[in-house]
Structures are given as C-alpha cells and as structure tokens.
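The next block holds one structure in the form of structure tokens; read it before the comments.
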Amino acid sequence: MWVVSLLYGRVLAVAATALLGWAAAGAAASGLRAVSRSAALARSLPFPTSDLVSAHAVLPLASAFVATAVATVLSGRPAWWAVAGALVGTAGAMRTARGRSPVRRLQAASPVGALPVGAILSYLVGVDVVALVSVPWLAGADPALAAGVPLLALAVLRSLRPRRAD
C-alpha cells in the first residue's frame, strides 16, 4: 500500500488498503469458515449462530487491523484508514467464509489437471462485498460513513444462517 500510495495516489491507496485488509482477515478466518459453512457444526455448539460468527470474526478483524495499521503508518495516511480497512476486510472475509463451494461431482479439464467446476470462482467470493462497502471510502466520504457502511455489512453478514451441505 505504501508504494501504491506514493505512485498512484489516494484512490488506489484506498483500494490497496481494502484488499490488504481482506487478505489479512481471510488468512485468519479458518474458524469463521468452519462455522459459516457447516450448519451441523453450528447446531452442535450451545450458542446462537450469530454469537458463533461474532466470536470467530474477532481474530480476522484483529489481523486485518494490524495489517492495515502498519500499511497506514508506512504510507502516512490518516489513522482512521486502519479502522476502515479492517472493517472492509473483515466484511469481505465473512462473505468469503460463507462462500459457495465448488461442485464436486463435476470435473473440468484444465492445464493443471481435473478441477471441480466453479473451483476458481469460489475463491473470488467476497470481492463483491469489499468493492461495495469501499465505495464511500473511495469517494472520499466522511470517516464515520466510510467505517459505518462496512460495519452495517458486518451486522447483516453476522445474522445470516450457515450454509447447508450440498
């Protein structure tokens, strides 16, 4: 983000920060993926699903905040960028955690061998949320709005039920 900020300016620095937050949150979201993709696991634990998702989103949020805070300090951007980047990244990671699984019964030929149909696209789930909730931040909106929109997305994603197994 530091290099992007120096070379390309504010708008691409925002995009780089949002993607950095999403990557950092996604790397720490294995528990969130397990709880979000397994209705049976969520039912077996003695807590409401929304509480399970919230508890498992803490580590991705902390990872995204650390990564975006370091990038924000290095690039000389305002401190609220770290908060907005962490919220955007965590919202994207929550969407990715609920993402669609590839169709395992159908295989497609590729240069690297047989792949389940939709395997590549299943990794891109979450970019839609990152792009959507970053719009106010990209447009230069007030810091409260730039952080409020991803916070609203987190609240909506928190309340969704786990996916049923295919």
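Length, then width, then depth: along the principal axes, the Cα atoms of the stretch 43-89 run 46, 12, 11 Å. On the beta carbon distance between V58 and A23, with R0 = 30 Å, the FRET formula returns roughly 0.95.
What FRET efficiency, computed as 1/(1 + (r/R0)^6) with R0 = 30 Å and r the Cβ-Cβ distance, is obtained for V66 and R158, rounded to the nearest 0.05?
Values: r = 21 Å, r/R0 = 0.72.
About 0.90, to the nearest 0.05.
With the simple model of a label 7 Å out from the Cα in the direction of the Cβ, F47 to A79 spans 3.0 nm. Each helix, a run of at least 4 DSSP H residues, gives -39500 (n - 2.57); summed and divided by the residues of the chain, these come to -20500 deg cm²/dmol at 222 nm. Against the chain, whose longest principal axis is taken from its Cα atoms, helix 80-97 shows a tilt of about 10°. Rolling a 1.4 Å probe over the protein heavy atoms leaves V11 with an accessible area of roughly 80 Å². Between 0 and 90 degrees, the angle of helix 58-75 with respect to the longest Cα principal axis of the chain falls at about 30 degrees. Within the stretch 129-159, what residues put their amide N at less than 12 Å from the label point 7 Å along the Cα-to-Cβ vector of R10? Those under the cut-off are 137-143.
Compared with the dominant principal axis of the Cα atoms in the chain, helix 10-27 is inclined by about 40°. Using a probe of 1.4 Å, the accessible surface attributed to D128 totals some 80 Å² when neighbouring protein chains are kept in position. Going by accessible surface with a 1.4 Å probe and the largest first, W137, W22 read W22, W137. Once Rg and the Kirkwood radius are both taken over the C-alpha atoms of the stretch 2-155, their ratio Rg/Rh works out to 1.04.
The values are calculated or read from the model by the stated rules, or taken from the named source; none is laboratory data. Model, not experiment: these values are computed from the prediction. When we count neighbours, we look across all protein chains shown, and the Cβ atoms used for this are built from the backbone with ideal geometry, even at glycine. Keep in mind that these areas ignore ligands, DNA and RNA; they rest on the heavy atoms of the full protein, side chains included. Shrake-Rupley method; radii C 1.70, N 1.55, O 1.52, S 1.80 Å.
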